[in-house]
Amino acid sequence: MKQSLFEIISNKEIAKSVYRMVLKGDTSHISASGQFVNIQLDGLFLRRPISVCDYDGESLTLIYKAIGRGTEQLATMREGQILDILTGLGNGYDLTKSGAKPLLVGGGVGVPPLYNLCKKLVENGTKPSVVIGFNTQDEIFYEEEFKRLGADVYVTTVDGSYGIKGFVTEAMKDIEYTYFYSCGPEPMLRAIYRASVTEGQMSFEERMGCGFGACMGCSCETLTGYKRICKDGPVMLKEEISWED
């Protein structure tokens, strides 16, 4: 983990209430797709955790939805402003398990961390399929970005206004895959767990205090004991997840 100052390069709305922020700063402590950062905002006691969409040697891309005090404040920020950010948080995805045809499944703001994952899987010589799910057409983002990486992309909308009508599990039915990676709201992850035909990894969302494992506020029970979403996660193996029915 490292605390650094980042300068905002751009901050633009890319879908309904969804923003892409590009920042410049020290990304050396980000080591895996699926990790997150924790952002300090004026007037708010707790930092706000945001998944890493993409990164390179000196830039960081975040995608977030403006739905609360923290993210609404982020949406008002402009080029040149400075943010205090903790980087290198969370465990990230394990790419070594992917096999030749990995499947990436994301819903809403669970889509962004899959972008850097897809990029790395393609670089490793695999052929990913990507399923991204939204409620309606005006919420869709990053379909073309995934296609440009070389992935086969399937888009679902709950209302049928674009792509496949229904949930992400509708698209999963007809895809052959060796392993899956997912991120999104818990009901979606639960449905993927039941629909999936292989092992896989799921990234969970949880309210956090510190963001690095000290406060124990985001602990949850798994089949292998209690784990902290911020430090032992947010990515967990399918086989260790304990769903409460």
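So how many residues does segment 83-120 have that are free of Cβ contacts under 8 Å to residues at least 60 places away in the same chain and closer than 14 Å to S182 by Cα?
Looking only at that region, the number is 1.
Scan I39, I30, I8, I85 and give me the residue that is at pLDDT 95 or above, under 28 Å from T198 (Cβ atoms) and either in contact with a Leu (Cβ under 9 Å, 6 or more places away or on another chain) or in a loop (DSSP other than H, G, I, E, B) (or both).
After ruling out the rest, the residue left standing is I30.
Quick check on E72: is it touching a strand residue (DSSP E or B) at 6+ places or on another chain (Cβ under 6 Å) and either outside any loop (DSSP other than H, G, I, E, B) or touching a residue at least 40 places away in the same chain (Cβ under 8 Å) (or both)?
No, not satisfied.
Among the residues of segment 88-118, which ones are in a helix (DSSP H, G or I) and small (G, A, S)?
Across segment 88-118, the qualifying residues are G108, G110.
What is the one condition in (1) under 30 Å from I85 (Cα atoms); (2) aliphatic (A, V, I, L, M); (3) surrounded by fewer than 21 Cβ atoms within 10 Å (Cβ to Cβ) that L189 does not satisfy?
Answer for L189: the failing condition is (3).
The values are calculated or read from the model by the stated rules, or taken from the named source; none is laboratory data. Please read these numbers as outputs of a predicted model, since none were measured by experiment. Cβ coordinates were reconstructed from backbone atoms using ideal geometry, including for glycine residues, and neighbour counts include every protein chain displayed.
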